[in-house]
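Here the structure comes first, spelled out in structure tokens, and everything after it is commentary.
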Amino acid sequence: MDMENVKQIFRDAGTAISRAVQFTEEKLGKAEKTEQDPNFEQLVTFCDNTKQNTETILKNMEFILNSNPGMRVENLFFLDKKKSGLSSSEYLGIAMTEAGNDFGPDTAYGSALIKVGNIQQTLGLNQREFIKSANDCFVNPMNKYLETDMKTVVKERSLLEKRRLDLDACKTRVRKTRMLATTKVKDDSGPTMEELIDKAEHDLKVAQEEYDRQAEITKLLMEGVPSAHPQHLQHLLDFVDTQAAFYLKCHESLMSLQSDLSGFPSDQDNIATLSPDTPALGRIQQAKVITSQEPRDAHDLRLSAGEIISIDVNSDIGSNYFIGKKIQKGKVYKSNVRLLNQG
């Protein structure tokens, strides 16, 4: 190691010690601190809020998109490697289809398990596609922003704080040197007080120039932070579109499944849930629920708007309702449904 490197190490160490002393004295109230103008402080607050809120949003977003982080460990040690990477819904769907085949696809229960299992696998596939799309349109761009633009702002702000400590340390040194000049007896063996004061003031001038230059750079970078928000808004809108498409696919799959299962027998077909004189289902027709129905008694079906159900158009009991069926039979009020495929 040459002498110049050794000198640089000592200079850097001296600068670090000077900054530490200045920082400590500021905390103890023994030293003055250069304050920024209110506009600069507003930019600092805005940048801090942007950084902290973006990090919080991403943390919660990633928790939602990766709701089972232990799945990776399970994939490695407990589950079939051929199924590695599947979602929980897909594992459920596989279990159901395997059970359905074991019970026999020609049986009601086995056939229903296969149908439900296939839909569960579809839901799981939709979920994995949603997670990928959400990462592509929101998580990855926002993480990139934090790792590039915001990281640069943080770095320059940190450098500005170091320049401020250097500046305030020089101010303190000038003040102490001037105070010493009024009390110290003249000593011809070393530099004169005028020389010491000149050096301290020169160091202060250099520190002020470096601080002003760094403050301008930092201010320009922070002023660019608000301009990133419109792009963040677009990423948010893209995420909402992706999420809406995901839930729509799931809804359509479940409505189709519900319609497929509406013709399956259930225990309610063997146990009279309606009055003894309720007729059996006659001519079956599909109907769409246009108004949600909450059961008024044990004989009514619970319906949600948008569902497709089966009803017996010949079971005109009274004048207000049909006999309908989802998994079980029950009363369906005519005002809540619209018959499909009417000629």
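Just one of (1) surrounded by 12 or more Cβ atoms within 10 Å (Cβ to Cβ); (2) among the aromatic types (Phe, Trp, Tyr); (3) at pLDDT 65 or above fails for PHE23. It is (3).
Remark: MET222 falls outside the filter, which requires a residue to be of a type in the set (A, V, I, L, M) and touching a Gly at 6+ places or on another chain (Cβ under 9 Å). Take the conditions (1) touching a residue at least 12 places away in the same chain (Cβ under 8 Å); (2) more than 30 Å from GLN42 (Cα to Cα); (3) not small (Gly, Ala, Ser); TYR145 misses just one of them, which is (2).
The values are calculated or read from the model by the stated rules, or taken from the named source; none is laboratory data. All figures in this text were calculated on a predicted structure; none of them were measured in a lab. In this analysis, Cβ positions are derived from the backbone assuming ideal geometry, glycine residues included, and neighbour counts consider all displayed protein chains.
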